[in-house]
Amino acid sequence: EAWNDDGEAVIDAVGELVCVRPTPGMPLYFWGDADNKRYKASYFEKYSGVWCHGDWIKIQSDGSCIIYGRSDATINRHGVRMGTSEIYDAVEELDEILDSMVLDLEFLGRESKLLLLVVLREGVQLDEGLTDKIRQAIRTGVSPRFLPDVIQAAPEIPRTLSGKKQEIPMKKLFLGQDANKVLSRDTMANPHVVDWYIESAETMNAGGR
């Protein structure tokens, strides 16, 4: 089934892929995970007692399904998956960069994009030289496989009240989902940046970049 954030099954809308009954392909446990802590956190944390696979899916009214890719912050480049922290470590070591966010955008019907948003130190511009410097930092510090397709300057990185980067809501926004459904300004430390991100997402989607 496809479930929304409230744990309700939806049709003709993108939701989390969940399994409400056991299937033969489910692992029973993780090797070395004696108390099943990692296993439960991986699949049962979002919806208590219900397997959440970590992919977006749309189940259409005619019974067909469309898989949209990962719903978490994992980056998947040509079959190799990696967390976002490695890219942050490489990029934010640069003196010119104050903060950053990377979004792996798996679009339906067109090529996926790896978008890197960077907050620049005052007086710094994102010119060709800095763009090359950022790419080189990722190439040497992480891997050429994870070079961003688009690097864009941003005023701030949206964060929760506890200071966490809001990667998943921003990923949903840039994939074209309704901002009112994926963002909650009340839970943000800097809600004033939302309008900038909505406009940027609309521009990117309109241009098919």
Exercise for the section: Spot the failing condition for E202; the list is (1) in contact (Cβ under 8 Å) with a residue 24 or more places away in the chain; (2) under 16 Å from L103 (Cα atoms), and only one is missed. Expected result: (1)
Exercise for the section: Output yes when any residue across segment 52-73 is hydrophobic (A, V, I, L, M, F, W, C), out of contact with any Phe, Trp or Tyr (no Cβ under 8 Å at 6 or more places or on another chain) and within 19 Å of V142 (Cβ to Cβ), and no when none is. Expected result: yes
Practice task
Consider only pairs whose beta carbons are under 9 Å apart and that are at least six residues apart or on different chains; among these, list those whose first residue lies in segment 14-42 and is in contact (Cβ under 8 Å) with a residue 60 or more places away in the chain and under 24 Å from E106 (Cα atoms) and whose second residue is outside any strand (DSSP E or B) and among the aliphatic types (A, V, I, L, M).
Solution key: V14/L175
Completion exercise
Residue hits (segment 114-129; surrounded by 13 or more Cβ atoms within 10 Å (Cβ to Cβ) and farther than 27 Å from I168 by Cβ) are V124
Handout entry: Set G54, G63: member being touching a Ser or Thr at 6+ places or on another chain (Cβ under 7 Å), outside the structural domain of G123 (by TED's automatic domain parsing) and of a type outside the set (F, W, Y)
Key = G54
Completion exercise
A careful count of residues in segment 84-113 that are aliphatic (A, V, I, L, M), modelled with pLDDT under 95 and surrounded by fewer than 16 Cβ atoms within 10 Å (Cβ to Cβ) gives 1
Handout entry: Selection within segment 119-137 - of a type in the set (A, V, I, L, M) and farther than 22 Å from P158 by Cα
Key = L130, A137
Practice task
Inspect segment 100-116 for any residue being part of a helix (DSSP H, G or I), over 18 Å from the mean Cα position of the chain (by Cα) and either of a type in the set (G, A, S) or in the same structural domain as K58 (by TED's automatic domain parsing) (or both) and give the result as yes or no.
Solution key: no
Practice task
Find the helices (runs of 4 or more DSSP H) located wholly in segment 130-209 whose residues include 2 or more that are surrounded by 13 or more Cβ atoms within 10 Å (Cβ to Cβ) and among the small types (G, A, S), and list them.
Solution key: 194-207
Practice task
Among the numbered conditions (1) assigned to a loop (DSSP other than H, G, I, E, B); (2) in contact with a strand residue (DSSP E or B) (Cβ under 7 Å, 6 or more places away or on another chain), tell me where D6 comes up short.
Solution key: (2)
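The values are calculated or read from the model by the stated rules, or taken from the named source; none is laboratory data. Here the structure is a predicted model, which means the values were calculated and not measured. Methodologically, a virtual Cβ is constructed for each residue, glycine included, from the backbone with ideal geometry; neighbour enumeration extends over all protein chains shown.
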